[in-house]
């Protein structure tokens, strides 16, 4: 038996009360009489049920295990009525902001916000009118806790509650992008924002007079003002022009306040004996109803927390500008470029969720007739890309009314296409705000549906041609539809491929096929865009040149990327692989890697089959590359990179309106700049050995340096 | 209220007594000061005790409890095991 501790001497009621009898010795004496296999089960309880029991005192399962004390832990226990110095309150506020940012980074509430013990004592923090202390402490006025810290903490918890409501709209993923478990702790859900803002205002008022001579007055006022603005921001997600404008203004104010705070005096870390240090308990999860032990989290330091907040504010600003933008292609450009960037707080889970929430009520939405409003996304896309008017369905119905028999068939085909294309394009836009690996998975799963949609679109064209062969105008409009579908489909394919490079998913042995495949997709893309362009006549483009600009710039980009891919495939032939798979093994790997490229059950000679994997053509090209003299190979690669460079440079010289990057011009230019640098670097390396037959055959090393999509080659040492 | 210490029960009788306490409420005190209150679901030769519908209490300012569900307490941590039963001579 272990050490006996006598709990009955304590003044508190033992949980369970008096009706218990000590059976410890009975248990001990029973043990020898149980067989090694004997287990006593209660009724309806089996071994299977017992397997999910939490083993007590196992730190992996038991969240209540006492943690070894850390050197940074407070030596005094937490006392909510303890009186604090102004700089201690300031320190607590800063640290709780760090906790808030840590929560927004995806950690659990129990590791972050809930570690601030004051939040569990909020109702008790109010000034106790029955405990008048006439000898008020000048250094540690109690209002610092009852007014200032109380208001700041209410503000913090309410901000998190509002953010939680945004998170749980299902635009981002619980457990992946954020952690929504509340552990049965109240987060001021029933408090009105206005009430809490009032509290903050009163606290500021007290500070103005109560702390008049303290150097900490201004830093505290600024922090409370910042919390007020943050609360307003979280309370007003951009959903229309009015709310966007309000939030935009608040973001600007918040950034200004943050600047003031950063340039002001900073509170020092409290000493070990200070009650302020005890305000945070990193092991609070052991006292909450938690399902699994959570590790103790190191909160970001003050600078890091402010940087995160600033980045998030910029992201919110961007979400507001998005919601007032009336071009769906500008949305596409901004979100696509952002998606290809490494993860940053500018695209924190909250910002991304806000972006998806803002989408349906964005300025682009109300531009058209009410009867097309469920399909506004695809209607707008068809209009902006190919100048297909919203009124096309009506025009078609009007043409066919005479032929009653075929009317229903066309109507069914058309409404079917509208609803499917509408849900797919809306899905595409919300996926653009997912985290990149999740986005990649969602895109690859959707490709099968896009293949089907393409087929439906071609079918629609056939029907219309058969029904109203004489209506040239309408036919020419309908014929553009499958091309637009194909354009988006090919965009998804290249996104899936290159997002894989961004997350370093592929083995070196797969690069050659992937770049070759990407070059064929870019070639198809170029063809498709050209075909759409050929449908646009002067009359149409005279009134709105947006489509023509979009098509031209996308064609230039597709061309440049195709050239870069081809040059990369060629140069990769001189990068030795650490091991060589037999060809059929390699082919099996590629097929598994790109399984989304063949829609299940697709017929081989399907005219929609532009994304199929043509190994025969690949082998042919590889053969051609390997039998070429090395000098010629180098020359061709240099030429391709230079060609690509010219195209990319041309794009950087175009205006933001032409490239649909009015919302993100510097970002877009940055994206192009990375590609440009890669072309230049590669051309330079390849030129070095270009004139000598032996040097031209030198092996190379490939690494992604300037841009996550393409490697830079260098001489092997 | 503790009953008088029972005389050392003969082995098999102890086993059948314990079997009769299955699904009754138990209060287990362990060496780090926590107290677990739950219904005994099963026990084995090593005296690993599985409790269901368990609440965990720790001594803070008074006893603070939280629901932990199904737990398995290895005997080596047990300081005292109490069953909610009518005391009867075994």
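Of note:
- Of all residues in segment A:44-57 being over 13 Å from residue B:43 (Cα atoms) and within 7 Å of chain B (Cβ to nearest Cβ), the one that is surrounded by the most Cβ atoms within 10 Å (Cβ to Cβ): A:56
- Single residue of A:282, A:267, A:342, A:275 found to be modelled with pLDDT of 95 or more and in a loop (DSSP other than H, G, I, E, B): A:267
- Qualifying positions in segment A:291-306 - in contact (Cβ under 8 Å) with a residue 12 or more places away in the chain, over 25 Å from residue A:82 (Cβ atoms) and either touching a helix residue (DSSP H, G or I) at 6+ places or on another chain (Cβ under 6 Å) or in a helix (DSSP H, G or I) (or both): A:294, A:300, A:304, A:306
- Screening residue A:238 with (1) under 30 Å from residue A:77 (Cα atoms); (2) in a loop (DSSP other than H, G, I, E, B) gives one miss only, at (1).
- Scanning segment A:651-680 for residues that are over 21 Å from residue A:327 (Cα atoms) and in contact with a helix residue (DSSP H, G or I) (Cβ under 9 Å, 6 or more places away or on another chain) yields a count of 8.
- Residue count for segment A:14-34, restricted to those that are surrounded by fewer than 17 Cβ atoms within 10 Å (Cβ to Cβ) and more than 7 Å from chain B (Cβ to nearest Cβ): 3
- Residue match in segment A:168-191 (condition: modelled with pLDDT of 95 or more and part of a helix (DSSP H, G or I)): no
- Residues in segment A:508-541 that are in contact (Cβ under 8 Å) with a residue 40 or more places away in the chain and not in a helix (DSSP H, G or I): A:536 alone.
- Scanning segment A:253-273 for residues that are closer than 21 Å to residue A:155 by Cβ and free of Cβ contacts under 8 Å to residues at least 24 places away in the same chain yields A:256, A:259.
- Selection within segment A:90-109 - out of contact with any strand residue (DSSP E or B) (no Cβ under 8 Å at 6 or more places or on another chain) and assigned to a loop (DSSP other than H, G, I, E, B): A:105, A:107, A:108
The values are calculated or read from the model by the stated rules, or taken from the named source; none is laboratory data. These numbers come from a predicted model, not from an experiment. Here Cβ is always computed from backbone atoms with ideal geometry, including for glycine, and neighbour counts include all displayed protein chains.
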